[in-house]
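Undergrad: Take this structure, written in structure tokens, and hold onto it; I'll ask about it next.
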Amino acid sequence: MLRQLLLPLNLVFCRDFNTYNPWWDPLYEARDKEGNTLVDWIDHHDLALLNTPGISTFHRLHIARPTNIDLTLAH
């Protein structure tokens, strides 16, 4: 779906991507397929990650630790 998205030059893109990658969540050592695909897409479009790596964006009482699945990107 993201590969088909045409991006304007002036852009701020916020989304619950629900993917994991050490780039935005350094404590999460595993990489999932969707996270790797998202990293490739971010690189391809020369986007900047505005999140501070390691600062959690998703919190729930029943999860072991907060995660960073809500990302903000800009061009």
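Undergrad: Do you know which of the residues in segment 55-75 that are surrounded by 12 or more Cβ atoms within 10 Å (Cβ to Cβ) and in a loop (DSSP other than H, G, I, E, B) is modelled with the highest pLDDT?
TA: 75
Undergrad: I've got another one for you. List pairs: first residue in segment 28-47 and outside any loop (DSSP other than H, G, I, E, B), second residue surrounded by 13 or more Cβ atoms within 10 Å (Cβ to Cβ) and of a type in the set (Phe, Trp, Tyr) anywhere in the structure, Cβ distance under 7 angstrom, at least six positions apart or on different chains.
TA: 35/20; 38/17; 39/23
Undergrad: Can you find, within segment 20-43, the residue that is farthest from the chain's Cα centre (by Cα) among those that are over 20 Å from residue 75 (Cβ atoms) and aromatic (Phe, Trp, Tyr)?
TA: Looking at the filtered set, the residue picked out is 28.
Undergrad: Next question. Inside segment 25-54, can you point out the residues that are touching a Leu at 6+ places or on another chain (Cβ under 9 Å) and modelled with pLDDT of 85 or more?
TA: Listed by number, the residues that qualify are 37, 38, 41, 42, 47, 48, 49, 50, 51.
Undergrad: Please identify the pairs in which a residue from segment 9-22 that is crowded, with 16+ Cβ neighbours inside 10 Å has its Cβ atom under 8 Å from the Cβ atom of a residue that is assigned to a strand (DSSP E or B) and of a type in the set (D, E, K, R), counting only partners at least 6 apart or on another chain.
TA: 17/70
The values are calculated or read from the model by the stated rules, or taken from the named source; none is laboratory data. In this text, all values refer to a predicted model and were calculated from it rather than measured experimentally. Cβ: placed from backbone, ideal geometry, glycine included. Neighbour counts: every protein chain shown.
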